[in-house]
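First up is the structure itself, then whatever we jot down about it.
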Number of protein chains: 4
Amino acid sequence: MAATIDGPTMYPAVLTLSCRNRPGIVGAVGNFLHEHGLDIREAQQFDDRASGQFFMRVVFAPVDPARCLTLPEFSPVADDFGMDWAMTPVSHRPRTMILVSRFDHCLVDLLYRQRTGELPMETAGIIANHPRDTYAHLDLDGIPFHYMPVTAGTKMEQETEIWRLVRASGAELVILARYMQVLSDALVAKLAGRCINIHHSFLPGFKGAKPYHQAYARGVKLIGATAHYVTSALDEGPIIEQDVERISHGDTPEVLVRKGRDIERRVLARAVLHHLERRVFISGSKTVVFAG
Amino acid sequence: MAATIDGPTMYPAVLTLSCRNRPGIVGAVGNFLHEHGLDIREAQQFDDRASGQFFMRVVFAPVDPARCLTLPEFSPVADDFGMDWAMTPVSHRPRTMILVSRFDHCLVDLLYRQRTGELPMETAGIIANHPRDTYAHLDLDGIPFHYMPVTAGTKMEQETEIWRLVRASGAELVILARYMQVLSDALVAKLAGRCINIHHSFLPGFKGAKPYHQAYARGVKLIGATAHYVTSALDEGPIIEQDVERISHGDTPEVLVRKGRDIERRVLARAVLHHLERRVFISGSKTVVFAG
Amino acid sequence: MAATIDGPTMYPAVLTLSCRNRPGIVGAVGNFLHEHGLDIREAQQFDDRASGQFFMRVVFAPVDPARCLTLPEFSPVADDFGMDWAMTPVSHRPRTMILVSRFDHCLVDLLYRQRTGELPMETAGIIANHPRDTYAHLDLDGIPFHYMPVTAGTKMEQETEIWRLVRASGAELVILARYMQVLSDALVAKLAGRCINIHHSFLPGFKGAKPYHQAYARGVKLIGATAHYVTSALDEGPIIEQDVERISHGDTPEVLVRKGRDIERRVLARAVLHHLERRVFISGSKTVVFAG
Amino acid sequence: MAATIDGPTMYPAVLTLSCRNRPGIVGAVGNFLHEHGLDIREAQQFDDRASGQFFMRVVFAPVDPARCLTLPEFSPVADDFGMDWAMTPVSHRPRTMILVSRFDHCLVDLLYRQRTGELPMETAGIIANHPRDTYAHLDLDGIPFHYMPVTAGTKMEQETEIWRLVRASGAELVILARYMQVLSDALVAKLAGRCINIHHSFLPGFKGAKPYHQAYARGVKLIGATAHYVTSALDEGPIIEQDVERISHGDTPEVLVRKGRDIERRVLARAVLHHLERRVFISGSKTVVFAG
């Protein structure tokens, strides 16, 4: 959350909020913005009848560019409804730490999308458990690269160092871009709600190793991938995005792995973009995604 | 638009509105509902920066079930912003006239979805340019069936009769369920915004007859269908819904026609449902669809 | 398998075969057909390197319409390679028994597709564990309807009767069109390779009751369906076809059920068509599907 | 076409052939391979009833690794049926020339897929009408980069130079990876059947500039891309692959362009892979694609 959004460069800005649902929220927020000379560009809300929780995302900008809002001005409204809220300039590009293992298809894709401006983020660093030359053809363009091999014996130290780097780099988001290590519950807890993982998905699902080989043996006709927030329940956190592709009996496990790479990278990129645009809210074990 | 929505059975209700965009709309609507003891269940809005038009859909219900709203109460707000608006009970099932030619896959599908309750409508009648026995196995369950053959010479009379039936039956919606006749501009004008058509779509598009044969000859890899509001521009009205399916070189034109039937019926059904749930707004040559 | 395919009405015909893979099969089959004056219209084969099994499907017809083939003529080739084989006229419409419970969306869809000629089968009967009036609006057009309620106490007797009806009706295929009963291993064994079931599928999968409610609680972004051959492993037989649809956080369990119906019926219809066209081969726990 | 495929490293190999359809082809090919001690790994054929043309793709390998085939051995069979044919080691990695303009998403993607081994090709060079620093972050890893600006006045000279480079580099394939220049009929003729282009596709299609802006104005619900062989009919050559993505009224033209990039690069990559694996045959104005 931005310390303040005073200054024209701060607009348009995004207001995200959630609270127990009760009548009057939309009117109160709408009026507040209107009375402060702010025009609503986009607004989406969701009333989760199951949980009784209310979620809202509003993109706004001053009618008079000279006009500015200071965050405390919204506090009375927020306090009245007990809101968990944030205001962030749309132009804000969160610093992001990317963790990767041997396969770099997601890493390469994320960096490319950042360069084209498609992903409004700033890569604060890359943490890999393989050495730099594993990604020889990747132009890091000055992004800090941290080689952190991990073994059963050094896992705790390695995670401590990861956490230190995340804080030191000011990373607001951590992406597990095919990082094949399970994070400890302790680290997961520290990264709650800001650590996104990608993994393959099948119908039906498979447990254990070599899932693509299992999918081949089982003769599934679709393979997919799921991007989710990391929780202590392995590969079971709140789902942000999913997609699938059709396969056939002729596709070998190697072909499935290749097609899987395509799905993984596009699903992860979509999930990260939704997160960066502040479209994703966690509601218990699921997400609310205000897709564009 | 409902004459009034007084009475508990009328809730939840849907408020749909559009007007020139200007600051304060969301707050005004939100406050109005709140001050009248109405709770917002769902709300979506869209600010079409291109046209400057604002669109909003709100589902609401009284906090106190005994409380009721009379439409004039909203008029001041509506007038203030120059809104084009309507309030309709969610339970309202619009009367619908279905026009069909020889192929009945869309007709059969629409009637089945009405029976399962999936499509909240009441079929006021079926107008076909083929005789009743063309649809021998279809149990109309008392739905009036009107056989209206059409020839170049009788087209005007036939359309006059169609229009008479639409009014007489109180139909709020007209569905061209693979009705292979082009309506005259005069009739199209009378049905503006409440007549939905379905037709095949390809990339690239094809003009002229036997489109599936053209698609085969051209070797397209995808075939699709488009549901849209009917305008005087043939098959070019505002698009409500589209979908496609993958095909291969081995699919004969007959197979394409068969696969096309599947796409046509599901695209039409989705478009009709969006319309019935009052999720679709026409904005010039396109639509705004507040998908669930 | 046709007793014989003598007579012009028998062509084109489909030869399906499988055997241990070994060099020379394609040549032997190709030559056999050529030497017997038969032209290949379509041919697909698959060499399952994992299992060492070979699968082939050939559509053929005589160059000289007067020419006919008697099955024994192919026996030497078949015996030489130890083939499991069949020759069937493309015009053959297998008799099919459809089992259904309360929800009839798949049943209605299958019967409609049979009438349009899309599904080349002949419904030999319908076995329902709900009374006829559950499907009041369905015109059976003379198809025998068998009401067979089932309870824990009568399950064995009911299955015995089902098996009697399948044999008595000469049904070659049994379709579980949302038949919510688990068949006993004994009955499953008798129907091996000719009983198709449809069930919902999710990523990740869910065990237990009310799967759509679980999917909602879990916030999955895709829901799907799987059609498979029935084996003693519940919902785990060889997969024939699968498909999915995108959903959002706003979709209630009721909406998921509705969208699920659409996926279920089209996935089941595709699987049944593949089976009827003799495009599906079972290879251990998976299928080989020579899609058109 | 390989000069010869003598030597174990040459296997498995792919035989691709097309000829006027007539009985006996499959048998003749199958027998030839069998008699020469070659085992069929994969085989697909298509009998285009519309054109009377027959197409076949066979992957084969010697039963005895020491055994080799010399091309002339197949000539008698080929001549007998008047086949247009080729035999190529699966390991063959065609040299490829990639042409690009300002947008490099397809170029970056193709090079990445080549490095991972997903695309079995060797990039012989890159021809760009923008200077090298336009692609500053792209590690070319020694791939020759040719900056060839083009103006109306220099187009002929530029194309002459392109053609010279294609020949000099031994490129068997030319990829227009978002190369926004129309090639002259003369150059197109020289590249017939070995030049692949990618372009956006919509339902309905749009002519003229800024297609994504037109798609936005028209409110289409799907955007797509088409990969095709280049012919003198602009963007109308035989289609190899197509795909689409769902969009909404909220997606600005900028978002459509971004989503379009994703579709373009994956559709182009699939088309190139099909071509490299020799799965694509041109049949008049369409293609036959023996998908894996």
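The values are calculated or read from the model by the stated rules, or taken from the named source; none is laboratory data. The shown structure was predicted, so the numbers you read here are calculated from the model rather than taken from an experiment. Glycine also receives a Cβ, built like all others from the backbone with ideal geometry; neighbour counts cover every protein chain displayed. Ligands, DNA and RNA are stripped out before the accessible areas are found, and what is left, the full protein with its side chains, is counted by its heavy atoms. Shrake-Rupley method; radii C 1.70, N 1.55, O 1.52, S 1.80 Å.
Some notes on this structure:
- Computed about the Cα centre, the dipole magnitude for the protein assembly as shown is approximately 0 debye when only Lys and Arg (+1) and Asp and Glu (-1) carry charge, each at its Cβ.
- Here segment C:13-89 is treated with +1 on each Lys and Arg Cβ and -1 on each Asp and Glu Cβ, and its dipole about the Cα centre works out to around 180 debye.
- Neighbouring partner chain Cβ atoms per residue of D:236-245, average, 10 Å criterion: 4
- Computed with a 1.4 angstrom probe on protein heavy atoms, the B-D interface buries about 2800 square angstrom of accessible area in total.
- Residues along segment C:249-265 losing 30 Å² or more of accessible surface when the other protein chains are present rather than the chain by itself (probe 1.4 Å): C:His249, C:Arg258, C:Arg261, C:Asp262, C:Arg265
- Mean-position separation - Cα centroids, segment A:173-189 and segment D:64-128, in angstrom: 41 Å
- The distance separating the Cα centre of segment D:265-292 from that of segment C:217-292 comes to 28 Å.
- Report note on the peptides B:196-205, A:47-56: ranked by the mean count of other C-beta atoms within 10 Å, highest first, their order is B:196-205, A:47-56.
- Projected label distance in nm at A:His130 and B:Ala233, using a 7 Å step from Cα toward the beta-carbon: 5.2 nm
- Cα gyration tensor category, rounded, prolate or oblate, for segment C:13-89 with a/c compared to 1.5: prolate
- ³J(HN,Hα), Karplus 6.51/-1.76/1.60, whole Hz, each residue of segment C:121-127, x for Gly, Pro: 9, 10, 6, 7, x, 10, 10
- Each peptide among C:175-184, D:208-217 gets the average number of other Cβ atoms lying within 10 Å of its residues, and from highest to lowest they stand as C:175-184, D:208-217.
- Hull volume in cubic angstrom per residue (convex hull over the Cα atoms of the protein assembly as shown): 202 Å³
- Among beta bridges that DSSP assigns inside chain B, antiparallel share in %, nearest 5: 75 percent
- Across peptide B:276-288, the average count of Cβ atoms from other chains found within 10 Å of a residue's Cβ is 2.
- Net length gained if the chain between D:Thr252 and D:Val182 were fully extended (0.36 nm per residue, minus Cα distance): 22.4 nm
- Cβ neighbours within 10 Å from other chains - mean over B:107-113: 3
- Counting from the shortest, the label point at A:Thr154, 7 Å from Cα toward Cβ, is 5.4, 7.1, 8.8 nm from the same position in each remaining copy.
- For a label point 7 Å along the Cα-to-beta-carbon line of C:Ser51, residues of segment C:61-100 with backbone N under 13 Å: C:84
- In summary, the convex hull built on the alpha carbon positions of chain A has an orientation-averaged projected area of 16.9 nm².
- Charge-dipole axis of segment C:95-289 as Lys and Arg at +1 and Asp and Glu at -1 on Cβ define it, positive-most pick from C:Gly142, C:Ile127, C:Ala271: C:Ala271
- Accessible area (Å², per residue) of segment C:13-89, counting only protein heavy atoms and a probe of 1.4 Å: 36 Å²
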